[in-house]
Amino acid sequence: MSKPRGVLVAGNWKMNHGPAATRGFLETLGKLEFPSAIVQRASRGRALQGAILVPAVSLEAARSVIDAQGWSDVLQVGAQNAHFEASGAFTGELSGPLLKEIGVNLALVGHSERRQYFGETDESAGKRTASLLSQGFEVILCVGENRSERKTGRTKAVLSKQLTEAFQAAQSWMTSRGLELTPTHWARLAIAYEPVWAIGTGLTASPEQAQDAHLFIRTWLEKSAKTAGFPLPPAQTTAILYGGSVTPDNFSGLLACPDVDGGLVGGASLKPESFLKLIEAAAQVI
Ligand code: 13P
């Protein structure tokens, strides 16, 4: 099997692992002989990419160990969120320039926990996406329906609304600053489909459910490109990751779906042994 868009395996550590635990995780990964020959081969030309999205206090520790080990071609460090403004009175936030100063160029945006507990919206996710892409960041934008939306058959309507509002906000943000998102910027965007009912619940979307939602997102990008009146991420080359109770046991089945281009993994990314299994599973399909 081959994956035309490569495979990205991103571990979202959420509010876990301070700097000491982060160093310990990476040290164990090294002892487990990461990256194996097959992972190194798969990561050529960035076909396979690993990433860990760590708490803000652990970013620098993670980045410096990864650099020292010479793993930066295989394993990136990213933030779990970043604000759209470069600086200012935004207590508790991090910005693109602050992250760049410590060598971090990847950020997650619009995670459902940010939406559920911290009032973030499609609009703020869109502005963050545009701002970070325009600063040269790689961005993972999260979307996904909740349990009652799935039960009442509204999954596709919800995805369509989330994408429409996020990309409209992205466009408005760019226009207000006289900027434009180019294909080079879009090439750094991945969309993560994370059904909220599958996050941390042990209930994974079946490969059929994941494929159906991913294909819907890709088709939405294709169709909307003709009608939106402003540029959108290219449908055929934008990576779409699946997130929600991914484990080493179910990952290969999900990766077998043609429109699943990787995983955004919470719980199963916290232990080096299981994170490594996820990376190895991804290397098998490159
Ligand atoms: P779990 O893998 O723990 O379900 O978390 C998924 C997630 O929210 C990743 O961003």
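Just so it is clear, none of the values below were taken in a lab; they were calculated from the coordinates. What you are looking at is a predicted structure, and each value in this text was computed from that prediction instead of being measured. Every residue, glycine among them, receives a Cβ derived from its backbone with ideal geometry; neighbour counts consider all protein chains shown.
Points to keep in mind about this one:
- Which of Arg115, Arg188 has the fewest Cβ neighbours within 10 Å, and the rest in rising order: Arg188, Arg115
- Helical mean residue ellipticity (222 nm; -39500 (n - 2.57) per DSSP H run of 4+; nearest 500) of the chain: -13000 deg cm²/dmol
- Percent of Cα pairs in the stretch 192-279 per distance bin of 5 Å, from zero to the largest separation: 3, 15, 24, 21, 15, 11, 6, 3, 1, 0.
- Distance from the stretch 106-180 to the stretch 1-76 (C-alpha centre basis), Å: 25 Å
- Each residue of the stretch 90-184 gets 107 Å³ once the volume of the Cα convex hull is shared out per residue.
- Rg and Dmax, both from the Cα atoms of the stretch 140-286 and both in Å, are 15.9, 47.
- Among residues other than Gly136 with Cβ under 10 Å from its Cβ, the summed charge is +1 (Lys and Arg +1, Asp and Glu -1).
- Cα centre as origin, Lys/Arg/Asp/Glu Cβ charges: the stretch 134-286 dipole, Debye: 400 debye
- Directionally averaged projected area (convex hull, Cα atoms, the stretch 1-62), nm²: 5.0 nm²
- Rounded to the nearest 20 debye, the dipole size of the stretch 90-138 about its Cα centre is 40 debye, using +1 on the Cβ of Lys and Arg and -1 on the Cβ of Asp and Glu.
- Packing-based ranking, highest mean first, of 77-85, 215-223, 249-257 given that Cβ atoms within 10 Å are counted: 77-85, 249-257, 215-223
- Positive-end extreme of charge dipole, the stretch 1-128 - chosen from Ala79, Ala125, Gly45 (charges on Cβ): Gly45
- The lysine pair count for the chain, using Cα distances under 21 Å and pairs eight or more places apart or on different chains, is 13.
- Percent breakdown of C-alpha pair distances by 5 Å bin, ordered from the shortest bin, for the stretch 31-120: 3, 13, 21, 21, 17, 12, 8, 5, 2, 0
- Per the Cα gyration tensor, the stretch 235-286 maps to an equivalent ellipsoid with semi-axes of 19, 12, 9 Å, ordered largest to smallest.
- Within the stretch 75-140, all pairs of alpha-carbon atoms sorted by distance into 10 Å bins from zero give the percentages 23, 58, 19, 0.
- P(r) tail for the chain: Cα pairs beyond 34 Å make up 13% of the total.
- Near Trp71, once Lys and Arg are set to +1 and Asp and Glu to -1 for all other residues with Cβ below 13 Å from its Cβ, the sum equals -3.
- Highest GNM mean-square fluctuation among Ala190, Ala86, Ala42, for the chain modelled with Cα contacts below 10 Å: Ala86.
- Counted residue by residue at 0.36 nm each, then reduced by the alpha carbon distance between them, the extension gain from Trp186 to Ala20 reaches 56.3 nm.
- Most fluctuating residue given options Ala47, Ala20, Ala192, as computed from a GNM of the chain linking Cα atoms under 10 Å: Ala20
- Rounded to the nearest 20, the Cβ-based charge dipole of the stretch 1-156 about its Cα centre (Lys and Arg +1, Asp and Glu -1) stands at 680 debye.
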